[in-house]
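Quick notes on the structure that follows.
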Amino acid sequence: MDDVSMRRAIERKRDGEALEPSVWDDVIAAYCSGDVDDAQMAALAMACVWRGLEPAESVALTRAMVASGATLRYPEGMFVVDKHSSGGVSDIVSLVAVPLVAACGVRVAKLSGRALGHTGGTIDKLEAIEGFNATLPMDVFVHQVERVGCAIAAQSDAFVPADKRLYHLRDRTATVPSIGLIAASIVSKKIAGGANAFVFDVKCGSAAFMRDVRQAEALARMLVDISEQFGRKAHAIVSDMNEPLGRCIGTGIEVTEAREMLRGDAGDERARSGCVQIAAAMLELGGVGDARARAMRALEDGSAYTKFVEMVEAQGGSREALEALAPDERVTKLRASTEGVVVAIDAVRLGHVARELSAHNRRAGIRLGARIGDRIARGDVLADIYGAGADPGSIAAAFTIGAVSPAARPLVYATI
Ligand code: URA
């Protein structure tokens with residue numbers, strides 16, 4: 001695509017027209033080859049943010065981006081499910097749901113990212129287990145999914161290089177918030193990952209990309225629709241992210257929370273419910289009946305934990321290393337200076353602090369002593385802060401204590 005054709009595509013999108021699939025193919029190919037530069041691509045991205053994309057355009061963009069790189073293939077007849085979260089704080093769902101679903105007989109191939117902004121990354125968390133290797137060559141990854149039933153590895157740079165470049169540009173040019181662009185970016189990476197079915201966990205709330213339930217639902221619907229256009233089965237769940245999902249925020253300490261849940265510890269009710277809900281959706285896609293009850297059984301009978309240990313061992317870690325993982329011994333108790341009800345928790349602030357804390361110490365982080373809606377007395381523990389270097393005042397500022405209980409918030413706003 002030459003300069004003039006790209007300029008014409010930008011003008012047409014600026015004026016609200018839908019671009020044909022062949023134009024999207026040309027745009028992405030030219031951007032990858034360097035024939036189209038960042039200036040023109042940023043202008044097109046901004047036009048997309050303002051004018052939106054027709055569903056057919058998102059599908060075309062997804063297809064063009066998948067074609068920019070490698071695609072993973074599983075052996076004929078092997079059914080594999082994958083999940084994706086749009087990013088949250090204390091989001092331990094992948095750590096729990098992946099081995100849990102595999103323990104129930106459905107293979108899971110999870111390609112994950114690293115921490116971004118205030119949100120944690122599953123890969124960084126797993127690397128807190130001594131010896132754990134998350135950068136698997138793709139043939140080793142496929143073999144492990146076949147043999148063990150699950151694997152979690154870092155997304156290879158060979159997949160969807162167009163998205164890597166475009167996402168970076170969108171981040172720099174304030175053009176991330178377009179449902180059509182986000183959906184194409186997410187689904188292209190899932191398609192390249194080769195699974196047959198996907199569950200999308202679209203987070204919604206003050207600590208999520210999507211603040212508004214209607215927008216989150218629109219994204220969820222588009223993720224499912226695009227996936228189906230590629231012949232994949234898909235479910236999406238719009239879930240709350242107005243406070244951390246679990247109690248622990250950090251890298252290693254989130255692994256300890258997931259580990260205890262997998263061992264059958266009831267743990268935090270909201271976190272457990274979130275993990276089981278996603279696992280059940282994955283199991284349904286894999287044809288397992290009575291999925292929720294089946295998932296609960298696997299948590300209670302130890303089979304989910306056994307599968308987690310098997311996965312950790314297959315990826316270079318050991319049961320001993322997993323079980324030795326514990327929060328840093330240095331703990332500061334953050335206590336409430338007043339009585340009342342917790343009406344809000346600033347998960348973005350906590351996510352940033354925990355990310356900084358655990359950047360050089362995988363056993364550091366924050367454990368919540370109270371959640372939104374909890375009634376507290378003066379002196380009650382709001383949070384345990386593990387490791388050294390955090391400013392307790394900055395963590396205290398994340399808690400808003402009031403006199404009146406806030407309205408109850410559901411964990412799940414919609415399922416698609
Ligand atoms: N996550 C992605 O992978 N892509 C986006 O565009 C936004 C969030």
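The values are calculated or read from the model by the stated rules, or taken from the named source; none is laboratory data. Just so it is clear, the structure is predicted and the values come from calculations on it, not from any experiment. As a convention, Cβ positions derive from the backbone with ideal geometry for all residues, glycine included, and neighbour counts pool all protein chains shown.
Scan region 101-116 for residues that are more than 11 Å from the chain's Cα centre (by Cα), in a loop (DSSP other than H, G, I, E, B) and at negative phi and report the count.
2
Kindly provide the set of residues from region 6-45 that are in a helix (DSSP H, G or I) and among the small types (G, A, S), ordered by number.
Result: A9, S22, A29, A30, S33, A39, A42, A43, A45.
Name the residue, out of G317, G302, that is in contact (Cβ under 8 Å) with a residue 24 or more places away in the chain, of a type outside the set (F, W, Y), touching a Lys or Arg at 6+ places or on another chain (Cβ under 8 Å) and assigned by TED's automatic domain parsing to the domain that holds M261.
G302
Can you say whether K190 is farther than 25 Å from A43 by Cα, within 15 Å of the ligand (Cβ to nearest atom) and assigned to a helix (DSSP H, G or I), as far as the supplied structure shows?
yes
Within region 46-100, can you find the residues that are outside the structural domain of Q229 (by TED's automatic domain parsing), part of a loop (DSSP other than H, G, I, E, B), within 16 Å of the ligand (Cβ to nearest atom) and of a type in the set (V, I, T)?
None; the set is empty.
Could you list, ordered by first residue, the pairs with Cβ atoms under 9 Å in which the first is in region 147-171 and on the phi < 0 side of the Ramachandran plot and assigned to a helix (DSSP H, G or I) and the second is β-branched (V, I, T) and more than 14 Å from the ligand (Cβ to nearest atom), at least 6 apart or interchain?
From region 147-171, the pairs are A162/I28; L166/I28.
Test of understanding: among G16, G34, which residue is small (G, A, S) and touching a residue at least 24 places away in the same chain (Cβ under 8 Å)?
Among G16, G34, only G16 is small (G, A, S) and touching a residue at least 24 places away in the same chain (Cβ under 8 Å).
Under 17 Å from the mean Cα position of the chain (by Cα) and in a helix (DSSP H, G or I) - does that describe any residue in region 281-291?
yes
Which residue pairs have Cβ atoms under 7 Å apart, sit 6 or more places apart or on different chains, and have a first residue in region 71-86 that is over 19 Å from L283 (Cα atoms) and a second that is part of a loop (DSSP other than H, G, I, E, B) and within 16 Å of the ligand (Cβ to nearest atom)?
S86/A208; S86/F209
How about region 114-143: which of its residues are over 22 Å from E243 (Cβ atoms) and within 16 Å of the ligand (Cβ to nearest atom)?
Passing the criteria: R114, I123.
Could you tell me which numbered condition M78 fails, if it satisfies all but one of (1) surrounded by 17 or more Cβ atoms within 10 Å (Cβ to Cβ); (2) within 30 Å of A293 (Cβ to Cβ)?
Answer for M78: the failing condition is (1).
Within region 218-230, is even one residue more than 29 Å from P161 (Cβ to Cβ), in the same structural domain as E310 (by TED's automatic domain parsing) and either at pLDDT below 95 or among the aromatic types (F, W, Y) (or both)?
The answer is no; no qualifying residue exists.
For region 31-39, check the following and say yes or no: at least one residue is surrounded by fewer than 23 Cβ atoms within 10 Å (Cβ to Cβ), closer than 20 Å to P177 by Cα and not basic (K, R).
Yes: one or more hits.
In region 292-302, what residues are more than 23 Å from the chain's Cα centre (by Cα), assigned to a helix (DSSP H, G or I) and surrounded by fewer than 17 Cβ atoms within 10 Å (Cβ to Cβ)?
A293, R297, E300
Yes/no per residue for (1) without any contact (Cβ under 8 Å) to a residue 40 or more places away in the chain; (2) closer than 19 Å to R349 by Cα; (3) in the same structural domain as A347 (by TED's automatic domain parsing); (4) in contact with a strand residue (DSSP E or B) (Cβ under 6 Å, 6 or more places away or on another chain):
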{"position": "R367", "(1), (2), (3), (4)": "no, yes, yes, yes"}
{"position": "A388", "(1), (2), (3), (4)": "no, yes, yes, no"}
{"position": "A408", "(1), (2), (3), (4)": "yes, no, no, no"}
{"position": "Y413", "(1), (2), (3), (4)": "no, no, no, yes"}
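Name the one entry in R214, R172 that is surrounded by fewer than 21 Cβ atoms within 10 Å (Cβ to Cβ) and within 16 Å of the ligand (Cβ to nearest atom).
R172
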